[in-house]
Amino acid sequence: MIDTSISLESFLQQQRFKLVRNYLKGDVLDFGGNEGELADLVTGEYTIVNYDHSAMEEKTFDTIVLLAVVEHIEVEEVFRI
């Protein structure tokens, strides 16, 4: 997990949140959402998935967010999910 107490990491997280804030519509899946920091910006249902993907099964989402995640996932895992 990312240690957001580090000032640069905290700054980058704030910048990512500013960029996506206007796109968080309806029910949101935050894939790799760490500790759920985006939850306060979501008006619909908020679902966070880190390692256990069962939380997203049998659900539909209006918005799917992956912030600073893709570079940490093995290519084979992306196609499995």
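Residues that are farther than 19 Å from Asp27 by Cα and either touching a residue at least 40 places away in the same chain (Cβ under 8 Å) or surrounded by 10 or more Cβ atoms within 10 Å (Cβ to Cβ) (or both) within the range 58-80 comprise Ala68, Val69, Val70, His72, Ile73, listed in sequence order. Just so you know, in the range 38-57 the residues that are open to solvent by 50 Å² or more (accessible area, probe 1.4 Å) and modelled with pLDDT of 90 or more include one that is nearest to Ile73 (Cα to Cα), and it is Ile48.
The values are calculated or read from the model by the stated rules, or taken from the named source; none is laboratory data. None of these values were measured; they are calculated from a predicted model. Neighbour counts are summed over all protein chains in view; Cβ atoms, including those assigned to glycine, are modelled from backbone coordinates with ideal geometry. Only protein heavy atoms, including side chains, enter the accessible area calculation; ligands, DNA and RNA are left aside. Shrake-Rupley method; radii C 1.70, N 1.55, O 1.52, S 1.80 Å.
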